[in-house]
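A.B. asks: So that we are looking at the same thing, I have put the structure below in structure tokens.
The values are calculated or read from the model by the stated rules, or taken from the named source; none is laboratory data. From a predicted model like this one, the values you see are computed outputs, not experimental measurements. A quick note on method: Cβ atoms are made from the backbone with ideal geometry, for glycine too, and the neighbour counts reach across all protein chains shown. These area figures cover heavy atoms from the full protein model, side chains too; ligands, DNA and RNA do not enter into them. Shrake-Rupley method; radii C 1.70, N 1.55, O 1.52, S 1.80 Å.
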Amino acid sequence: IAHRVLSGIDGSPMPSYAEAATTEEIWQLAHYVRSLQETPSWTMIVRVPQISGGLPAAPDDPQWASVLRTDVRVRNAVTPDGRMANPETVSAVSFQALHNGDALALRVQWDDPSEDRQDPGDALALAFLPHGASGDVVTLQNWPLSSAPALDWFAWSARSGLREMVADNYDAVFAATASMDAGHVSYEDGRWTLVLQRPLAPHSSERAAALAPGAFAPVAFAVWDGGNPDGGRCAVSQFIDLSLERVPVERPAGPSADEHQPPQCASNY
């Protein structure tokens, strides 16, 4: 960082700032910039611990401290006529997840250069595979092109709130009336923070995705920057798997009848 500030970048508009500050000031600036950087945590399978009792509704709830953060890269979507929507202004989404056997709690954050609450506003949507879905869906970048199925969308908008519906195009995602409550929404220092809760078995639609402890749940993210003037408001991710863990069942104290039986051999043949 200090080298870039001192020497600039050849072939780019960035000059050297060696004459603009002392060496000590440049090193102070470099240490400050480094303090703002976060080491990303990329993964394709996300462990979602199960807890007992209520789920956290605030971003500073102590329960989040023990949950690993996962980063998901997002990139420009493809328009219906096959063009890349450029340029996107959001490049990644970070989230943590917990469940209690009845509902899923998510703490989601992403950096956005402006807070836009008017139409078109900032927005975030999670895409789940609905019950009975079929078709090739690996990433949202080519959805809803080709034979991609309808998806179960859990969507929040800064201008209209939170809702869930099964939709086969982006326009329909926010067409439904917001009917759910977001636990926490804030924009601070260029970053959105949301705390959301979704029932594992929602009753909004028979086609809605039913999540279950001990199973995998594919999920993808779409982010809209309402302040992007160049048509790159929507950035999307590939699908990753949520692995909803199941709390081990405690065995009663003392030997059971099964412990006195000889081991059994299982075979796939």
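A.B. asks: With the checklist (1) over 24 Å from GLN96 (Cα atoms); (2) open to solvent by 50 Å² or more (accessible area, probe 1.4 Å); (3) not basic (Lys, Arg) in hand, flag the one item GLU115 doesn't pass.
C.D. replies: Against the list (1) over 24 Å from GLN96 (Cα atoms); (2) open to solvent by 50 Å² or more (accessible area, probe 1.4 Å); (3) not basic (Lys, Arg), GLU115 comes up short only on (1).
A.B. asks: Could you please find all residues in the stretch 175-210 being open to solvent by less than 50 Å² (accessible area, probe 1.4 Å) and in a loop (DSSP other than H, G, I, E, B)?
C.D. replies: ALA176, ALA178, ALA182, GLY183, GLY190, LEU200, PRO202, SER205, ALA208, ALA209
A.B. asks: Kindly list the number of the only condition in (1) open to solvent by 50 Å² or more (accessible area, probe 1.4 Å); (2) part of a helix (DSSP H, G or I) that fails for VAL5.
C.D. replies: Here VAL5 meets the rest and fails (1).
A.B. asks: Just checking, does the stretch 58-65 include any residue being touching a His at 6+ places or on another chain (Cβ under 8 Å) and either part of a loop (DSSP other than H, G, I, E, B) or among the β-branched types (Val, Ile, Thr) (or both)?
C.D. replies: yes
A.B. asks: Can you tell me which residue among VAL72, VAL46, VAL90 is in a loop (DSSP other than H, G, I, E, B), open to solvent by less than 20 Å² (accessible area, probe 1.4 Å) and of a type in the set (A, V, I, L, M)?
C.D. replies: One residue alone meets the criteria, VAL90.
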